[in-house]
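Heads up, the thing below is written out as structure tokens.
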Amino acid sequence: QVQLVESGGGSVQAGGSLKLSCVASGSTVSVYAMGWFRQGPGEEREVVALISWNGAVTHYAESAKGRFTISKDNIQKTIYLQMNSLKPEDTAVYYCAGDVRRLHTIVDALGPTGHGTVDMDHWGKGTLVTVSS
């Protein structure tokens, strides 16, 4: 009943930037925490950035801190991921996700390291980001 559609992926050179968008539709009233995950070639899906319902609190993987910024527009029901200073290791399929849980609960589920994967309630189909050296 919840649909998440990503866009904005593409191919860029190292050091470049991309901005991903994710539009939520359907029964979104119970979707609170949202975020971006990625899965590189031969890798497990991992968290990139998370954001609370009101956008006041965010969480970033260490690999994303200082380079990526997550934001949202509740009127447009859209979240964004601004990615700057892209590196080849950022190459992955990026997935938008949402969950009925609040952000702090999602962060707690990641464990003390604050990274890794977590089972979210809703997922988009992903958008491919390729960064060449």
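Pull up segment 40-53, narrow it to residues that are within 19 Å of Asp108 (Cβ to Cβ) and outside any strand (DSSP E or B), then point me to the one that is least open to solvent (accessible area, probe 1.4 Å).
To start, the set of residues in segment 40-53 that are within 19 Å of Asp108 (Cβ to Cβ) comprises 45-53.
After this cut, where a residue has to be outside any strand (DSSP E or B) as well, the list is 45, 52-53.
Values: Arg45: 65, Ser52: 16, Trp53: 133 Å².
Per the stated criteria, the residue is Ser52.
Given the structure, is Gly15 assigned to a loop (DSSP other than H, G, I, E, B), under 21 Å from Ser133 (Cβ atoms), out of contact with any strand residue (DSSP E or B) (no Cβ under 6 Å at 6 or more places or on another chain) and in contact (Cβ under 8 Å) with a residue 60 or more places away in the chain?
yes
For (1) under 15 Å from Val48 (Cα atoms); (2) surrounded by fewer than 20 Cβ atoms within 10 Å (Cβ to Cβ), each residue gets a yes or a no:
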residue	(1), (2)
Gly66	yes, yes
Ser71	yes, yes
Asn84	yes, yes
Lys87	yes, yes
Ala92	yes, no
Pro112	no, yes
Val118	yes, no
Trp123	yes, yes
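Does any residue of segment 56-78 turn out to be among the β-branched types (Val, Ile, Thr) and touching a Phe, Trp or Tyr at 6+ places or on another chain (Cβ under 9 Å)? First the steps, then the outcome.
If we filter segment 56-78 for residues that are among the β-branched types (Val, Ile, Thr), which is where we start, we get 57-58, 69-70, 75, 78.
Retained after the next criterion (residues that are touching a Phe, Trp or Tyr at 6+ places or on another chain (Cβ under 9 Å)): 69-70.
Scanning segment 56-78 turns up at least one residue that is among the β-branched types (Val, Ile, Thr) and touching a Phe, Trp or Tyr at 6+ places or on another chain (Cβ under 9 Å).
Search segment 60-77 for residues that are free of Cβ contacts under 8 Å to residues at least 60 places away in the same chain and pair each with any residue that is part of a loop (DSSP other than H, G, I, E, B) when their beta-carbon atoms are under 6 Å apart and the residues are at least 6 apart or on different chains.
Ala61/His115; Arg67/Asn84; Arg67/Ser85; Lys72/Gly55
Ser7 - would you say it is touching a residue at least 40 places away in the same chain (Cβ under 8 Å), small (Gly, Ala, Ser) and open to solvent by 70 Å² or more (accessible area, probe 1.4 Å)? Give the steps one after another, and end with the answer.
Numbers: touching a residue at least 40 places away in the same chain (Cβ under 8 Å): yes; small (Gly, Ala, Ser): yes; open to solvent by 70 Å² or more (accessible area, probe 1.4 Å): no.
No.
Might you let me know whether segment 109-120 holds any residue that is in a helix (DSSP H, G or I) and in contact with a Ser or Thr (Cβ under 9 Å, 6 or more places away or on another chain)? Please lay out each step first, then the result.
First, pick out the residues of segment 109-120 that are in a helix (DSSP H, G or I): 109-110.
Next cut, in contact with a Ser or Thr (Cβ under 9 Å, 6 or more places away or on another chain) only: 110.
The answer is yes; a qualifying residue exists.
If I go through segment 26-39 residue by residue, how many of them are at pLDDT below 95 and either crowded, with 23+ Cβ neighbours inside 10 Å or among the small types (Gly, Ala, Ser) (or both)?
Here is the first cut: in segment 26-39, the ones at pLDDT below 95 are 26-32.
Of the ones still in play, those that are also either crowded, with 23+ Cβ neighbours inside 10 Å or among the small types (Gly, Ala, Ser) (or both) are 26-27, 30.
Total satisfying the criteria: 3.
The values are calculated or read from the model by the stated rules, or taken from the named source; none is laboratory data. It should be emphasised that the depicted structure is a prediction, and the values quoted were computed from it without experimental measurement. Every residue, glycine among them, receives a Cβ derived from its backbone with ideal geometry; neighbour counts consider all protein chains shown. Just so you know, the surface numbers come from the protein's heavy atoms only, side chains and all, with ligands and any DNA or RNA stripped out. Shrake-Rupley method; radii C 1.70, N 1.55, O 1.52, S 1.80 Å.
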